[in-house]
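See structure below.
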Amino acid sequence: MRANRIISLKLSGRGAAIFCTSRSTKPSSSSSQQKSSPRAKAEKLKRRREREETILLNRNSSVDDKKVKLSDKEKIVYPICKPPGTKKDTSFPFPSSYSPEYVESSWYQWWEKEGFFSPEQHRVSHAVDQTFSLCIPPPNVTGSLHLGHALTVAVEDALVRWRRMQGYRVLWVPGCDHAGIATQTVVERRLLNQEGKHRQDFTREEFLQELWKWKNQKGEEIYHQLRRLGASLDWSRACFTMDPGFSRAVTKAFVRLCDSGLIYRSEGLVNWSCALESSISDIEVDSKELPGQTMLSVPGYENKVEFGTIVTFAYPIEDGEVEVSTTRPETMLGDVAIAVHPNDPRYQGVHGKHCKHPFTNRLLPIITDSVVDMELGTGAVKVTPAHDHTDFLLSQRHSLPCLTVIAGDGTMMPPCGEWLKVLWFLSSLCPFFFSCLSRSGDIIEPLLKKQWFIQCDEMAKKAIQAVEDGQLEIIPHCFTKTWKNWLSNISDWCISRQLWWGHQIPAYQVELCNSTEKQEWVWGQSENEARHRAAVKYGVKLEDVTLTQDPDVLDTWFSSALFPFAMLGWPEKTTDLQRFYPNSILETGNDLIFFWVARMVMLGTELTRQLPFKQVVFHSLVRDEHGRKMSKSLGNVIDPLDVINGVTLEVGSLMTLEEGNFDPRERRVAMEAQRKNFPKGIPQCGTDALRFALCSHKMQGEDISLSISQVLSCRYFCNKIWHTLRYTLGTTPLSSMDRWICSRLYSTVLQCEKGFEAYELHTVTSALYSFWVHSLCDVYMEYVKPVLSHSRARQVASSVLYHCVSMSLVMLSPFMPFITEELWQRLQPFRPGPAAQTSLCLEQYPCSSKLVGLQPSIFLTITKAFFYQYIHCPTSEHLSLSDVLIPDPIHPRHSQRETQHLQLCYLQLFQLSVPLSLNHTTLLVSPLSFKPFLSFLLTLFCHTSHLTLSSTRSNLLAHVSSLLFHTLRCSGLLTLGTGSHYR
């Protein structure tokens, strides 16, 4: 049902109300995401509702409240004060308990001072003639790092340390990005809140000084966080995207692309932020769908703003009128035509006719185009090319003019008149799309502007071909399809930004002497070079040329796309560029595939004639424990230093809410959310625990839902490692070893190799945790305790324990650099054989090919001699478990979890006293003499059984016992007599 209504819209110059953009049809921009299928949308909505229900069910308590308890233990600190960079004294008495604060002190300063992270430090004995180079995705200088950055650091540092320990010449370059839009917005808001001044109250130079002050402060905070996270970066090569050297690279790139014709200046319809008064990249704009008339919160407005009202009004024609439906009635003064579908029977008689604009009296042609949706509204749409992407394409196809009626600040332009009164009808509601800035939520207005663009089609084809030919590998491979789809539909890239913070475009408008008109544009690496170019182009003297540089700056992603080679000194042919370019890999979050990765590949290939890297490895995004995206407005963004050091709500906020784009209401909501999510604050977990927890999640799958309780459990693992070493240092190391625990160690090394090579770090952390906790502590150390009472057994066991612990510390080092360095240094005085490296980070990473002697043996047959040896000698208690070869129980059919069940069952069987009926005689076989016998039978079971091990541990024990006795009876070695029994 439609109701007649009258609406009055006041139109004036600056200061008038800003109109909010909405659309009745989805923009046809090639960069927009493809519409999801109904099934996918339903699944996404279902998951979202489940997360919301989980949060609502726990609204009065936090999930972490039940698991995380702040420790009241006294903190242990490193008591020795030495100058920074001095090696830590590990001869100091071993603290009684694990303390992150004690363990992590002093080590990083020593590593950095000694230059262990520099590729020039390539003097280890196991060095190989190979390089491994990558850059850190440069964080924005808008604020401090969060857990998403911590995941990137943990993953990349694990890979870097692993390669360095393999003997590679490793270069990992740190850096920060100037983040033009985000940083300028934050500083503008800070100046407004603190000094009550707008950007326009400063000169450009004065405002840039304020921005550099902010950058210096935040840049140092970010670098401090990276150091605390243990990132083994080469700080001598730290790079900022607006450093003089990097700026020269940006200018060189722009000039070269202009010379090749790939950069051009043209008038085009761009995404315009009225709040920033700047153009925005297509991929920084979100297209959101609403079901119909909706009230939404818009930044800068206290009250919600109405979106999605479908408005219908009539344009008169000679013999009637044509009703037009739109969600943008304020743009009707920019209408240049009416469009209908050529097959719509309602409008067959008006094709080619003209209607009259009621306010300007302009005649508007009625055109036909298949892009019109006959089912939407009245089936007739107004065409406003200067304010709509679809209409702009229509105007190009039908040679229509473009009329701009909305100014850059979002107000209606003065020529529109003082009052606009239109008779209109409310139509039925239907789904529609509108555009907003993904970072801030500001409404985006399509405006016609003269800007600088890059032609991307040919570069995109090369990027697609590189992946298809195998020159560039994308991991996981599921992103290969996404890569091709997006690049196949890419549009030209608008690189102009109307900001002050960034690289000012090195293009100059020419004005000649005795000429009143400005000429075309020229470009150059300096104003002097541009002047020479203009003089040659127009055939005039240098002194007759006046240049005016374009005040706009380049898109931040333009300079970021140069990072892999600009950080190495390009365009100069430096030693670093020749040695480390192309980079070995790029590792980053999968949300940057279009923003950064695709643009690096396109510009890198064009400017250097080489791909910037050989592999792209994507990791998932970090979400909170409820599966929600981490957002400051939700209060669930966590500073990694708060997890490392611990923090309480009484001491300070879990994040600096004063920073960023917050209005008072958002700040109140965020603080309330923090009190709900972290009612007791965050306990001290330490860097090692945080890194290990992050790497324990599957990187190449669904998003990571991280809770503080998971990090705290990894802190308990650190505590177990600590106490294992305290126990180990109480023994005397010799050279012999126990074969079973060594076979488990060999399998762990093999799993670590495969996991690192496949970039599946969660399998590496799982293997290391399983070996240390389940094999070393739960099984082997429980065996060692009674054995150490005998002198000969003590020598064997202590040697094996030292060997397993020292090698495990080396394998854990890429994930837990601090605690492993601390404990490894304490082991060195007891090390047998030649001296080790100065630092654990330079030690050789274990390699399975060099551990052939530790490979597990496999026995698939049982001889009668073995049975008779032990069954006829039940009192041979002088035999110890170390005298018997105990093979590795892993079977290809068994998962890691099933193998752990077998090991626990294995240990339980050894503790049984088993009455056997042999040759009609009941014998009681002691656990010690029966251990070799059961170990051999259990090995046979593990390697030949096809039993599905999904039962509980007790049922599993019954299955194993049944199979053992069935094997004995079939072999003729066991006969059950009357009254015999088995417990």
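Taken together, the values in this text are just the output of simple stated rules run on the coordinates, not laboratory data. In this text the structure is predicted, and so the values were computed from the model without any measurement. Ideal geometry is used to build each Cβ from the backbone, glycine not excepted, and the neighbour counts take in all protein chains shown.
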Above-threshold pairs, the threshold being 30 Å between Cα atoms, out of Lys75/Lys629; Lys462/Lys573; Lys75/Lys680; Lys449/Lys573: Lys75/Lys629; Lys449/Lys573
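For a Förster distance of 51 Å, can you work out the FRET efficiency between the beta-carbons of Gln498 and Tyr727, rounded to the nearest 0.05? Each step should come with its number before you reach the end.
Details: r = 66 Å, r/R0 = 1.29.
Once the sixth-power term is evaluated, E becomes 0.20.
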Potential extension, Thr546-Glu321 segment - 0.36 nm per residue separation minus Cα distance: 75.5 nm
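Suppose R0 equals 22 Å. What FRET efficiency, 1/(1 + (r/R0)^6) with r the Cβ-Cβ distance, do Arg189 and His224 give to the nearest 0.05? Let's see the in-between values first.
Details: r = 24 Å, r/R0 = 1.08.
Computed FRET efficiency for Arg189 and His224 comes out at 0.40.
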Region 506-549 - convex hull of alpha carbons, volume per residue in Å³: 54
Positive dipole terminus of region 324-407, leading residue within Leu394, Thr326, His351 (C-beta point charges): His351
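Arranged from highest to lowest average of other beta-carbon atoms within 10 Å per residue, in what order do the peptides 349-358, 180-189, 566-575 appear?
Highest mean packing first, the order is 180-189, 566-575, 349-358.
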Asp373/Glu468 FRET efficiency (R0 35 Å; Cβ-Cβ; nearest 0.05): 0.45
Distance between region 117-153 and region 190-232 - C-alpha centres, whole angstrom: 25
Dipole in debye (nearest 20) - region 506-549, about Cα centre, beta carbon charges: Lys, Arg +1; Asp, Glu -1: 100
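Full extension from Asp703 to Gln455: what is 0.36 nm times the residue separation minus their Cα-Cα distance, to one decimal in nm? Each step should come with its number before you reach the end.
Values: separation 248, 0.36 × 248 = 89.28 nm, distance 3.39 nm.
Result for the pair: 85.9 nm of gain on full extension.
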